[in-house]
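Since every read-out is calculated from the coordinates, none of them should be taken as a lab result. Computed from a predicted model, the values in this text were never measured in an experiment. A quick note on method: Cβ atoms are made from the backbone with ideal geometry, for glycine too, and the neighbour counts reach across all protein chains shown.
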Amino acid sequence: MTRPGLAAGVTRPGLAACQVSASYGTQRVLDAVDLHIAPGETVGLHGPSGSGKSTMARLLALLHRPDGGHVSIDGTPVTGIRHQVPVAVRTRVAILFQSPRAATDPRLTLADLIAEPMRAIGTPPEQVRARTAELADTVGLTADLLTRRPHAVSDGQLQRACLARSLVHRPGYLLCDEATAMLDASTQAHVAAVVGEFQRRHDAGVLVISHDAALLARWADRVVELP
Amino acid sequence: MTSIDLDHDGPLLAVAGLTVRFRLPDAVVHAVTDLHLSVRPGELVAVVGESGCGKSVLAHALLGLLPRNATVTGSALLRTGAGIRRPPPLDLLACAPRQLARQVRGRAVGLVPQSPATALTPVRTGRRLLVETLRAHGHTRADAPTAADRLAADVGLNPADLDRYPHELSGGMAQRLATALALAPDPPLLLADEPTTGLDRPLVDHTLDLLRRRCDAGAAVLLITHDLVAAQRVADTVAVMYASRIVEHAPTEALFSAPEHPYSAALLDALPQRAFRPVPGHPPMLTDLPAGCAFAARCDRATEACRVQPAFAAGRAACHHPLEHSQVHAEVPA
Ligand SMILES: Nc1ncnc2c1ncn2[C@@H]1O[C@H](COP(=O)(O)OP(=O)(O)O)[C@@H](O)[C@H]1O
Ligand code: SF4
Ligand SMILES: [Mg+2]
């Protein structure tokens, strides 16, 4: 697949935070931190509450601009946040949050939730339908759930829909920010299995943020500790 | 099941045959079915299970907090008072809403809710909420503020954070404030519904240990959680719920080392500390449960017999073909 806007100047594949810093008010949460996620690799990010794990994820997902340093995607430095960069660049990175309820529009059915990012870039309706069905199947959502709205499904079911949505554009990098923290053990293992399968197929890089050392030991290839 | 015997060292809470149905326009949700459970003073019972299996509905039924489309049957006897002249037990399921609001919620039963941010009054600071609650439960104007600080410290909340409004608190801080509010009246029964959601591991452990200490001081605690590791840390016994029913109830140690119900075993296998393998298939829809064992479609031990609803016959699991651990060992060739 060609990726316009990324071909030139590719040096080292991967999603990288290069000497990034970030603050809230006067409080500095990240101070010149480096992080690199190679294609196909699963990196765990661990650290106490407030150590900047979610901030790092938001920087990598281009939701925040760092105060210092930069993010680069497959060797190309990205300047600007999500809506300012070309579609082909921003769809390279997807993010999955801890609380699916806070992250979703309560008016959308689960099917619309999955389809929305495709509609947003003008994908033809029949293609949207087919891909939605395929993704629903991948994450284990049955047809009766797809017509429901968030209030009528469990957290686990909603998180599966969010996972499907995050995979819509076949991202090169998937960031899971405590994405399974509120899920039961079975749903957690299932989400991890779906992510793992997607990763194998598409050689995607994955960042897993978690407080749970046992989960990271099992899921990640290596674990980075934030102080 | 054990008979309901509310004598001196009998249970503080005895739930028998609890059944909850939700009527929807075109279907009925079987949220809780024929549930039996009792909790003694000084005992911590955990209820675990996959999301949507009915755990929160159980808690809400006990507190009379179910929505209007719910129908509840069964009984939930709560022992109130002590001594020879103590009043007869209160059936929480048969209580008038006024009585529940005045005598039960907050007073006899403390609820640590699942999403505290929505349960907290937004226009008062944590300190005012806490002091008012303490005052309403017998603390004097003079000693309530000190008691508030002590409770805040107990739940791991900085006393300075008490002067903030609920919307200024992070999810974890709001959770701790809600916990402090539930503990303030020193209720004999504590109901904790997912009390550790949104907390990081050190705080999870802190909250769990706090519940355990309350329990060791004589409270009866019902801990509802999706977190198996949390249950393992503090519970005396663990009840595993699947598709609206308790399918196994066992001492914590026994459940984790030798589960008898195939679902319990499969759920434990999903832990990252174990096989990290999801339970195969998906939970059934609670609007459309089979007549027999609801786990049959996912169970590798299922037979014809499983078309009939299994009972808790002899063992601790409601299963026609429970895993027999001693037998597993006996079968190892010599
Ligand atoms: N007001 C309601 N109307 C219809 N169904 C409901 C209602 N509240 C909960 N349910 C259903 O009851 C079942 C059990 O829910 P719940 O107790 O919240 O599960 P959990 O075990 O995750 O706490 C779920 O299938 C849920 O969708
Ligand atoms: S009753 Fe049958 S189907 Fe149900 S768990 Fe036991 S063996 Fe499996
Ligand atoms: Mg719940």
Short to long, in 10 Å steps from zero, the percent of alpha-carbon pairs of segment B:13-235 per bin is 8, 33, 37, 19, 3, 0
Scoring chain A by relative contact order with C-alpha pairs under 8 Å, at least six apart, yields a percentage of 29 percent
Given Cβ charges of +1 for Lys and Arg and -1 for Asp and Glu, the option among B:Leu267, B:Val104, B:Gly17 whose Cα lies farthest towards the positive end of the dipole of chain B is B:Val104
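Using a/c under 1.5 as the rounded threshold, could you call segment A:152-217 rounded, prolate or oblate? The axes a ≥ b ≥ c are square roots of the C-alpha gyration tensor eigenvalues, and prolate needs a/b larger than b/c, oblate otherwise.
oblate
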With x for Gly and Pro, the residue-by-residue ³J(HN,Hα) of segment A:100-105, computed from phi through the Karplus equation 6.51 cos²θ - 1.76 cosθ + 1.60 at θ = phi - 60° and given in whole Hz, is x, 5, 6, 9, 10, 7
Answer in debye to the nearest 20: the dipole magnitude of chain B about its Cα centre, from +1 Lys/Arg and -1 Asp/Glu charges placed on Cβ, is 1160 debye
Here, trypsin sites (Lys or Arg not before Pro) of segment A:105-160 satisfying both criteria (DSSP loop; at most 12 other Cβ within 10 Å) are A:Arg107
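Can you compute the helix-only [θ] at 222 nm over chain B? Use -39500 (n - 2.57) per DSSP H run of at least 4 residues, normalise by all residues, nearest 500 deg cm²/dmol.
Working: 10 runs with 91 residues, N = 334.
Taking each H run of at least 4 residues, the total per residue is -7500 deg cm²/dmol.
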In terms of the charge dipole of segment B:13-235, which places +1 on Lys and Arg and -1 on Asp and Glu at the beta carbon, the residue among B:Pro195, B:Gly138, B:Ser75 farthest towards the positive end is B:Gly138
Karplus ³J(HN,Hα) for segment B:65-77 (6.51 cos²θ - 1.76 cosθ + 1.60, θ = phi - 60°; Hz, whole; x = Gly/Pro) runs 10, 7, x, 5, 7, 9, 10, 10, 10, x, 9, 9, 7
The protein assembly as shown: antiparallel bridges as % of DSSP beta bridges, rounded to 5, reads 55 percent
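How about segment B:85-188: which trypsin sites (Lys or Arg not before Pro) there are in a DSSP loop, with at most 12 other Cβ atoms within 10 Å of their Cβ?
Those that pass, being in a loop and sparsely packed, are B:Arg85, B:Arg141.
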In degrees, nearest 10, the alpha-carbon axis of helix B:171-183 is tilted away from the dominant principal axis of the alpha carbons of chain B by 80 degrees
The size of the Cβ-based charge dipole (Lys, Arg +1; Asp, Glu -1) of chain A about the Cα centre, to the nearest 20 debye, is 500 debye
Quick calc: nm separation of the 7 Å Cα→Cβ label points for B:Ala101 and B:Ala291 -> 4.5 nm
Across B:266-272, the residue-averaged tally of Cβ atoms belonging to other chains within 10 Å stands at 6
With chain A reduced to its Cα atoms and the Debye formula applied, log10 I(q)/I(0) at q = 0.09, 0.16 1/Å amounts to -0.35, -1.16
Percent relative contact order for segment B:68-213, counting Cα pairs under 8 Å at least six residues apart, stands at 28 percent
dims of the protein assembly as shown, Cα set, principal axes, largest to smallest, nearest Å -> 86, 67, 57
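Run the dipole for the protein assembly as shown about the Cα centre, Lys and Arg Cβ at +1, Asp and Glu Cβ at -1, nothing else charged, and hand back the magnitude in debye, nearest 20.
On the way: 55 positive and 54 negative charges, 309 e Å.
Dipole about the Cα centre, nearest 20: 1480 debye.
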Segment B:271-327 and segment A:113-170 have their Cα centres apart by a whole-number Å value of 30 Å
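Express as a percent, rounded to the nearest 5, the fraction of DSSP beta bridges in segment A:8-225 (both residues included) that run antiparallel. Write out the running numbers ahead of the final one.
Details: 15 of 32 bridges.
Roughly 45 percent of the DSSP beta bridges within segment A:8-225 come out antiparallel.
Considering only DSSP beta bridges with both partners in segment B:13-235, what is the antiparallel share in %, to the nearest 5?
55 percent
Rounded, prolate or oblate: which fits segment A:25-109, taking a ≥ b ≥ c as square roots of the Cα gyration tensor eigenvalues, rounded meaning a/c under 1.5, else prolate when a/b beats b/c? Kindly include the intermediate steps, with their values, before the conclusion.
On the way: a/c = 1.42, a/b = 1.11, b/c = 1.27.
Here segment A:25-109 falls in the rounded category.
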Quick note on B:Thr197, B:Thr71, A:Thr26, ordering by fewest other C-beta atoms within 10 Å, gives A:Thr26, B:Thr71, B:Thr197
